[in-house]
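Before any comments, here is the structure.
The values are calculated or read from the model by the stated rules, or taken from the named source; none is laboratory data. Keep in mind it's a predicted model, so treat the numbers as computed, not measured. Cβ placement follows ideal geometry from the backbone for every residue including glycine, while neighbour counts extend to all protein chains displayed.
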Amino acid sequence: MIESSNSSITKFPLVAIVGPTAVGKTALSLRLAKEICAEIINVDSVQVFRGLDIGTAKPGLEEQKQVPHHLIDVIDPDEPFDAADFVRKALGIIRSIRARGKVPLLVGGSGLYLRSLLEGLAPCPGRNPMVREMLRKISANQGKRALYDLLAGVDPEAARRLHPNDTFRLIRALEVYHQTGESISIWQKRHKSTSGQKLLCTKIGLVRPREELYKRIDSRVDAMLNTGFLAEVKLLLNNGYSHHLKPLQSLGYRHIIRFLKGEVSFDEALSQLRRDTRRYAKRQITWFRADPEIRWYHPEALMDVHRVWQEIG
């Protein structure tokens, strides 16, 4: 065990564990948190929603009892929540954790949330209800792919980062372009080059060989189904939550909903879920690889956490 929480917070004022889905972030974060006297802050954009447990691989109650967790189960699925909300809440939590003499440990795979927290949000124009309504009508009348194609035409860089089904972020990117004539990618780059001091953070990236990661993804999908994922999605819909809501359009949930609506067979839904999860993992890796501050490890290489701190300290 590291000697004291005070020495830990001095040496590591902020620590992040990042990487693709199913790589093993949760298991390592629990070991590390105990070792450095840390509290965990969730950096997953869907784990913030209540009732979305199995499909997000949310840490279970027993895991949450081992180490204090924050920003899990904080809002209902029909409440709005974006990167700005995350940053506002996370900054307050970081201050309170530090006041207790503990280390804030950021854990998750939502790269935009982490970057927004550490580097600040790009000062893009705010929401425009009229533009959003226009874009939603395009999606409703022409399909989600129409939004993706529009974005690819004006901001190919953002299109490469986003999934064609990520309607929320597609609309946001097109909304910025429509209001300013400049892509959201340009706004973000300009902010990065002109922003002030960043939050200091020790960043640990977890990575596995592709085939090894894909096997873990397939195993996770099987485990989700064996532990009641189908029932979880049915319960959310039976509780009156629309399948159009942002969290219910996220990975896994939209696939099961398509099966429940009779649009695809169960086997087709699972095949598409496995495929899309692999693609999502690939996009996550691409995002995080662009950050030169991240030090990369195979999770098994971090079994000895003392060695890790010697290397990165």
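Within the range 136-161, residues that are over 16 Å from residue 177 (Cα atoms) have Cβ atoms under 7 Å from residues that are part of a loop (DSSP other than H, G, I, E, B) in these pairs: 144/164; 144/165; 145/164, counting only partners at least 6 apart in sequence or on another chain. Screening residue 165 with (1) assigned to a helix (DSSP H, G or I); (2) under 25 Å from residue 286 (Cβ atoms) gives one miss only, at (1).
Pairs meeting the criteria (first residue in the range 275-287 and without any contact (Cβ under 8 Å) to a residue 40 or more places away in the chain, second residue among the aromatic types (Phe, Trp, Tyr) and not in a helix (DSSP H, G or I), beta carbons under 9 Å, at least 6 apart or on different chains) are lacking. Within the range 178-198, the only residue that satisfies the criterion of being at pLDDT 75 or above, of a type outside the set (Val, Ile, Thr) and in contact with a Pro (Cβ under 8 Å, 6 or more places away or on another chain) is 179.
Can you tell me which residue within the range 60-98, out of those that are among the small types (Gly, Ala, Ser) and in contact with a helix residue (DSSP H, G or I) (Cβ under 7 Å, 6 or more places away or on another chain), is surrounded by the most Cβ atoms within 10 Å (Cβ to Cβ)?
Across the range 60-98, the extreme among qualifying residues is 90.
Restricting the range 49-95 to residues that are touching a Leu at 6+ places or on another chain (Cβ under 8 Å) and without any contact (Cβ under 8 Å) to a residue 24 or more places away in the chain leaves a set whose member that is farthest from residue 113 (Cα to Cα) is 58.
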